Amino acid sequence: MGMVVVISLPLIIFCILLGVGCYFLGRAKGRRDILTNPQIYGVPAPPPDATPPPPSTHTILTT
C-alpha cells in the first residue's frame, strides 16, 4: 500500500521565490555591510577612553 503526498504548485513557486528573494537581499546586505564596516584581522585596539584594569588581587606563590 502506497502513500500519496500532495504538494501544490503554488507552494513550490512560493518557496522558490522566497529563497531567491532571501538570497538577493542577503547578498546586498552583505555587500553594504562590508563597505561600511570592513573586517580587520588582528588584536583589537583598546577604546580611546578606556581606563587601565585594576591590579590583580591574586598572588603567585613560589617555593
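None of the figures in this text is laboratory data; all of them are computed from the coordinates on show. Source: prediction; values computed, not measured.
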Q: Enumerate the calculated ³J(HN,Hα) couplings along segment 40-48 in order (Karplus 6.51 cos²θ - 1.76 cosθ + 1.60, θ = phi - 60°), each rounded to whole Hz, writing x wherever the residue is Gly or Pro.
A: 10, 9, x, 6, x, 7, x, x, x
Q: In whole Hz, with x marking every Gly and Pro, tabulate ³J(HN,Hα) for segment 12-18 from phi via Karplus 6.51 cos²θ - 1.76 cosθ + 1.60, θ = phi - 60°.
A: 5, 5, 4, 5, 5, 5, 5
